[in-house]
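The values are calculated or read from the model by the stated rules, or taken from the named source; none is laboratory data. The shown structure was predicted, so the numbers you read here are calculated from the model rather than taken from an experiment. Here the Cβ positions follow ideal geometry from the backbone for every residue, glycine too, while neighbour counts run over all protein chains shown.
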Amino acid sequence: VLGIKEDKTENPIAVEIDAKSDKIELTRADIELSRRKLPSYAAKSALLQLIRDNQIMVIIGETGSGKTTQLAQYIYEAGICAGGQLIGCTQPRRVAAISVAKRVALEMDAELGQEVGYAIRFEDETSEKTKIKFMTDGILLREALLDETLEKYGCIVIDEAHERSLNTDIVLGMLKRLLSRRRDLKVIITSATMNAAKFSKFFGSAPLFTIPGRTYPKKLIYSKSPVEDYVEAAVMQTVSIHVSTEIDSGDILIFMTGQEDIEATFDAIKERLAEVYSRNSSISTFNDIDNVEIFTIYSALPGDIQNRIFESLPSGKRKIVIATNIAETSLTIDGIRYVIDPGYAKMKIYNSRIGLDSLTVCPIARANADQRSGRASRTSPGTTYRLYPESTVEEDMFAQTIPEIQRTNLSNTVLLLKTLGIDDIMEFPFIDAPPLQTFLSSLYELFFIGALDASGKLTSLGVAMSRFPLQPSLSKILLIASQNGCSEEMLTIVSMLSVPQVFYRPKERMRESDLSRRRFFVAESDHLTLLNVYSQWKCNKYSHRWCNKYFLHYKSLQRAREIREQLKKIMAKNRIKLVSAGPDWSIIRKCICSGFAQQCAKRSGLSKYVHLKTGMDIQLHPTSALYGMGDLPSYIIYHELLMTKTEYACCVTAVDPFWLMEYGALLYDIKRVAYVNDSQRITQVDVQSGNLPQKEDELEHRLKRCIA
Ligand code: ADP
Ligand code: MG
């Protein structure tokens, strides 16, 4: 009953099914047929008419109706952009940009990178021949830095606008300014069913068009009480659905917040299923179970998303997909009948009052919960298991997610707008203006790291920083390193910081993995530890096998290597010297401090730290190399703050308090210096941030003048 995998040699039928499932060859006719079945197909001529008649419009449709994959093709086929200009389509997510480009290339029978291509940060798969270009919204913004009028585009589709990503909001504002100068440019905004009217209003009552579609009844099942551990609860629910329903009744989609809990869920489901099945059969491991296949989707390694996720499995086999909120609207997987929604998502949150950025697991909004449950009932009625009580929906959830622009650090954006020559930032047309406080603290931050002068104008350092597609503090440490003779090394560090986790830590071999990691530890710094990993990998001829041996993600390292090449080109183009520090790495730590002095903590106990600027208690992440030191250092800077039950500083480096004074004089004062001699000064110096408010008020005053 439980779909036990027979020995293949004795069961030729099973072999045949397996062989088939591995490559389902879609014929052109199949593809054409599936295109015609989409709701957008029925609306095709109306859509094209609308596009011909208008410069700007908003197109709304249920997720999966064909907005992303079809619109650009319709425009292309109809020759609306015939002057050799590109059709651009922006996505808030890299994974979506790649996956959709692949799909559209397949549908158009084109090779990826030829007629249909994509571009994401550090990766450009387009060519002279490209007619349809999918890209992240961030790429379009950077292209505007080179050509303000976006001359090469004849038509731009701003997809997934309802997501309200920071970059999409800025792109929309930029296009609003551009439309009158580029009368020939067509702009199409597409949105899932929420929030659409707002876009129309923003563009002076642009026409709204809704793609007709049908929806099916949803069944919602709530938890009776809040769950203790949502991973555990999701796993139990999944296993229960899998064993108690017909395998062919439909696939299961589980929402998780990110790579970590996705991997944990993945492992736990395998374990639980093996356990359950072993009770009634000869099955002992998950690999023996042949009626299920589990997939994961998260944005860490965008190139990794398997096409097989979208294919239907042969009858008798169920698909379980564990995904981040990317599967809410950006990617549609057909065949989902059961959705498991823990009610959380990871969000970037910025507290402008204290200038603190963090990645936080937050409750989702009602609109997102609705979207999630919609995934179950796209093609037939489906069931959603909400791992929270019904009262949560009314009492604890916002109606909509707060747009990113209102909850995130804007330093990047402000730098970009300043580089675009928009000095008076408050004048920029925002759909929803960010809070003034956020602006001020971003201006302050840029001032603090030297990108802006006290009157809010870009400095030459700021101009140099804007040439890199990096957050300002990373650009800064690269530039400072070049002046201090260690840019070779910093280039590696910055590249390593731009990729997902390089250390591989499988659940069943965690100890082994941790021991192996220690081999790379540079005691005073996680940044230098990353440098060490990369250098050793290089010494081992960038070997894949070497990575496997030492529990390193080869793909992450490979990606770091590609990014390094890209950044190296930008450095060469801007005549930024590439110099090596040789064996002495302490200057590198000092240069890192030059960009991160505002993200600093002071030791307050045996292994506790207090955030110097905010007074918040934080801890070093358990995986930090600094635990390898005898005593933990008195002062550290960190790359990222992760807020879970505990506040963790991730990727930290020990710094000398005098460096903090050098690069953070605006924030910090040395309050007490006793016995200043070389061997003891670190423990005897006390850096405090007591003078912060006055200085900030003073500055706020000046900054307000320059943006008012
Ligand atoms: P929308 O943008 O309106 O949400 P899409 O254009 O993304 O809709 O999806 C239309 C259809 O194309 C869906 O049925 C979806 O499953 C399918 N699809 C999208 N991407 C892929 C892919 N990479 N492989 C196979 N099918 C895909
Ligand atoms: Mg879409």
Condition set touching a Lys or Arg at 6+ places or on another chain (Cβ under 7 Å), within 16 Å of ligand 2 (Cβ to nearest atom) and outside any helix (DSSP H, G or I), scope the range 25-76, selection nearest to residue 376 (Cα to Cα): answer is 64
From the option list 328, 271, 293, 275, single residue qualifying as at pLDDT 90 or above, under 20 Å from the mean Cα position of the chain (by Cα) and not in a loop (DSSP other than H, G, I, E, B) is 328
So, first residue in contact (Cβ under 8 Å) with a residue 60 or more places away in the chain in the range 385-401, second residue among the acidic types (Asp, Glu) and surrounded by fewer than 20 Cβ atoms within 10 Å (Cβ to Cβ), Cβ within less than 9 Å, six or more apart or across chains; the pairs are 388/396
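Quick check on the range 448-462: of everything there that is assigned to a helix (DSSP H, G or I) and out of contact with any helix residue (DSSP H, G or I) (no Cβ under 7 Å at 6 or more places or on another chain), which residue is farthest from residue 146 (Cα to Cα)?
Per the criteria, the residue is 448.
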So, first residue polar (S, T, N, Q) in the range 336-365, second residue buried (at least 19 other Cβ atoms within 10 Å of the Cβ) and not in a strand (DSSP E or B), Cβ within less than 6 Å, six or more apart or across chains; the pairs are 352/438; 352/441
Expected output for the range 416-443 (first residue farther than 15 Å from residue 145 by Cβ, partner surrounded by fewer than 17 Cβ atoms within 10 Å (Cβ to Cβ) and small (Gly, Ala, Ser), Cβ below 9 Å, 6+ apart or cross-chain) is 424/708; 426/433; 426/708; 439/433
Reported set for the range 224-263 where residues are among the hydrophobic types (A, V, I, L, M, F, W, C) and assigned to a loop (DSSP other than H, G, I, E, B) is 227, 256
Residue pairs qualifying under the 6 Å Cβ cut-off, at least six apart or on distinct chains, with the first in the range 191-204 being touching a residue at least 40 places away in the same chain (Cβ under 8 Å) and the second being away from ligand 1 (no atom under 16 Å from the Cβ), are 200/206; 202/431; 203/56
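The rows are residues; the columns are (1) closer than 28 Å to residue 121 by Cβ; (2) free of Cβ contacts under 8 Å to residues at least 12 places away in the same chain; (3) surrounded by fewer than 18 Cβ atoms within 10 Å (Cβ to Cβ).
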residue	(1), (2), (3)
250	no, no, no
255	yes, no, no
284	no, yes, yes
296	yes, no, no
- Query: Going by the structure shown, is residue 459 of a type in the set (Ser, Thr, Tyr) and more than 29 Å from residue 526 (Cα to Cα)?
  - Reply: yes
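Yes/no per residue for (1) part of a strand (DSSP E or B); (2) farther than 30 Å from residue 445 by Cβ; (3) among the polar types (S, T, N, Q):
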| site | (1), (2), (3) |
| --- | --- |
| 346 | yes, no, no |
| 374 | no, yes, no |
| 380 | no, yes, yes |
| 384 | yes, yes, yes |
| 395 | no, yes, no |
Please work out if residue 316 is within 16 Å of ligand 1 (Cβ to nearest atom), over 30 Å from residue 442 (Cβ atoms) and modelled with pLDDT of 90 or more.
no
**Message:** Any residue at all in the range 59-81 that's more than 16 Å from ligand 1 (Cβ to nearest atom) and free of Cβ contacts under 8 Å to residues at least 40 places away in the same chain?
**Reply:** yes
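Listed here are the residues, each with its yes/no results for (1) of a type outside the set (A, V, I, L, M); (2) in a strand (DSSP E or B).
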{"position": "95", "(1), (2)": "no, no"}
{"position": "109", "(1), (2)": "yes, no"}
{"position": "118", "(1), (2)": "yes, yes"}
{"position": "124", "(1), (2)": "yes, yes"}
Counting only residues in the range 184-210 that are modelled with pLDDT under 95 and of a type in the set (A, V, I, L, M, F, W, C), the one surrounded by the fewest Cβ atoms within 10 Å (Cβ to Cβ) is identified as 197
- Would you call residue 509 assigned to a helix (DSSP H, G or I) and either aromatic (Phe, Trp, Tyr) or farther than 24 Å from residue 590 by Cα (or both)? yes
Looking across the range 160-176 at residues that are charged (D, E, K, R) and part of a helix (DSSP H, G or I), the single one that is farthest from ligand 2 (Cβ to nearest atom) is 176
Within the range 394-406, identify whether any single residue is surrounded by fewer than 22 Cβ atoms within 10 Å (Cβ to Cβ), over 23 Å from residue 226 (Cα atoms) and of a type in the set (Val, Ile, Thr), and answer yes or no.
yes
Taking first residues from the range 307-333 that are on the phi > 0 side of the Ramachandran plot and second residues anywhere that are more than 16 Å from ligand 1 (Cβ to nearest atom), the pairs with Cβ under 8 Å that are 6 or more apart or on different chains are 316/3; 316/17; 316/247; 316/248; 316/291
Subset of the range 605-631, residues touching a strand residue (DSSP E or B) at 6+ places or on another chain (Cβ under 8 Å), in a loop (DSSP other than H, G, I, E, B) and under 26 Å from residue 449 (Cβ atoms), comes to 612, 613, 614, 616, 621, 624
Checked the range 77-93 for anything within 12 Å of ligand 2 (Cβ to nearest atom) and not in a strand (DSSP E or B); matches are 92, 93
| request: Kindly indicate whether residue 4 is over 19 Å from residue 159 (Cα atoms), at pLDDT below 95, within 12 Å of ligand 1 (Cβ to nearest atom) and of a type in the set (Val, Ile, Thr). | output: no
